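What follows is calculated from the coordinates using simple rules that are stated; it is not laboratory data. What you see is a predicted model; the values in this text were computed from it and never measured. Every residue, glycine as well, gets a Cβ built from its backbone with ideal geometry; the counts of neighbours run over all protein chains shown.
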Amino acid sequence: MNCSEVRDLLSPLHDGELSAELRESVEQHLRECPACAAVRTSFGAMSLLARELPEPEPHAELWNQIEAELPRAHSRPVQWLLSAESFRELARRSRILTAAVTAVVLVLAGTTLVVYDQFHDRRDSNGHDEHLAVNFDQFLNEFPKSPEHAQELLHASYPSNLVDVDQAAFQVKYRPAVSNRLPKGYTLDSVHLVRMPCCLCVEALCTGPGGSRVAVLEHAIDQPVWFGDRPASECNCGGRKARMVKFDSHYAATWKSARRYLTVIGIRDEDELREWIQHLDRPEA
Amino acid sequence: MTELSADIITACQSGDRTAQRQLYELHHRRVYRLCVRLVGEQDASDLTQQVFLKLFRTISQFSGRSSFETWLHRVTVNECLQHTRSRSHRPEVALVTEPMAGTSESGSASESTELLHTALDRLAPELRTVFVLREIEELSYSELAETLDLSAGTVASRLNRARTQLKVLLTELGWEP
């Protein structure tokens, strides 16, 4: 292979998209050609640079702005049906038709109330699901007594699947943080995918030295609602700003990793939190 | 597409507002991030809004032949490219020197990532798009091909061009790998 042929294949090589045979030929060339090897190295350096870009934060009012535009897009036929002008026009045409339209409106109004009661968004003024707060509070209360039972409570509220790390990665399209090396002495007991209102959440249960248990949740959106009204403190651990709450004799903490939020439940203290952050925040494989 | 997303999409196709909110919660960070990288922070919120409005208007046309994520990426990229084209017709906007996000005075981003912002902004839109979708959104070549309606071979050659030109731009700005 000459340099020109190799240069065309450097991106597929870098992205792991070359067949084994071609990869070997290109790598053979790279071992002998410093110029092409330097280009490949620069591709790697740019990838690292791209991963260091800070995660931009959409502003909190964005959904409200979208929702404000939505009724116009979805309610035109209803507006026509119920507009005073249209109603008068219909009334002029026929008193029978007027009665029929009125009946339809009454039925629609009744149906709307029933549908609203069944499906309306049970969120507080901050946009958090009130039921989620209650369910998660039960999880936190139960966790020190029986982590398995706490899990069962959570899974009773939200659909879940027991998976392995690879299956989880396939479903959520990222390598879960618990696939990194866990803090010393900890082993991974189970991984579940839980369909929570925020996202498809990766929930893992780990056992540590002396049988201590820690749950790790990886989620797309910050969920302060999980901790309810418990007093929270902020700490700066290993370069990450984490929010900690105390429950029973243990702590739960949440922080933002490079791309997602991580929550650990059942840690002893800030030192242990620092250790978890150091391990879970390693670059994704 | 996860089963959860499938349920939400079906409900969105019926105009269910709660499902629309759930779909937004699931995907808005990804859409916003892509908009920031492709058109800059200044216009990213407006474009994210446009993407979701378009998505809810047209979701009944989503047939499931491609994954929902691919469809969402395609809608987002198209909106961003359209925006870039319309912006390039306004001579008063200094497109090539406008930072993608933040400024060097912000102190929050490293010098190298600031250079990357500037270099990405100077890259041709179609090269910037393929680089961002690969390096930041981590799309595979087959996903890139489907999203951008290109052959796998064109994806590879476009990525090569993007990286080569980006390296030149970064070097001009003083970056050393």
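Structure above, values below:
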quantity	calculated
Fewest-first sequence of A:Ser257, B:Ser110 by Cβ atoms within 10 Å of each Cβ	B:Ser110, A:Ser257
Rounded if a/c under 1.5, otherwise prolate or oblate - segment A:154-285, Cα gyration tensor axes	rounded
Cα-projected label distance for A:Leu162 with B:Ser140, points at 7 Å along beta-carbon direction, nm	2.8
Prolate/oblate/rounded label for segment A:3-51 (Cα gyration tensor, a/c 1.5)	oblate
Computed E for A:Phe170/B:Glu172 - FRET, C-beta separation, R0 41 angstrom, nearest 0.05	0.50
Extension reserve of the B:Gln42-B:Ser66 stretch, reckoned as 0.36 nm per residue once the Cα distance is removed	5.5 nm
Alpha carbon centroid spacing (whole Å) that separates segment A:141-186 from segment A:225-264	17
At R0 = 22 Å, FRET efficiency that the Cβ-Cβ distance of A:Lys184 and A:Ala60 yields, to 0.05	0.05
Sites B:Ala152 and B:Thr18, calculated FRET efficiency, Cβ-Cβ separation with R0 60 Å, nearest 0.05	0.95
Cα centroid separation - segment B:119-177 against segment B:1-71, whole Å	24
Under 24 Å from A:Lys246, Cα to Cα: lysines that are on another chain or at least 8 residues apart	A:Lys145, A:Lys184, A:Lys256
Difference of contour (0.36 nm per residue) and Cα-Cα distance, A:Asn141 to A:Glu69	21.8 nm
Taking B:Asp121, A:Asp166, A:Asp8 and counting other C-beta atoms within 10 Å, the order from fewest to most	A:Asp166, A:Asp8, B:Asp121
Cα-centre dipole for segment A:166-242 with unit charges at Cβ (Lys and Arg positive, Asp and Glu negative), debye to 20	200
For A:Phe247, B:Phe68, order by how many other beta-carbon atoms lie within 10 Å, fewest first	A:Phe247, B:Phe68
Amide hydrogen neighbours beyond the local backbone of A:Leu18, cut-off 5 Å, H modeled	none
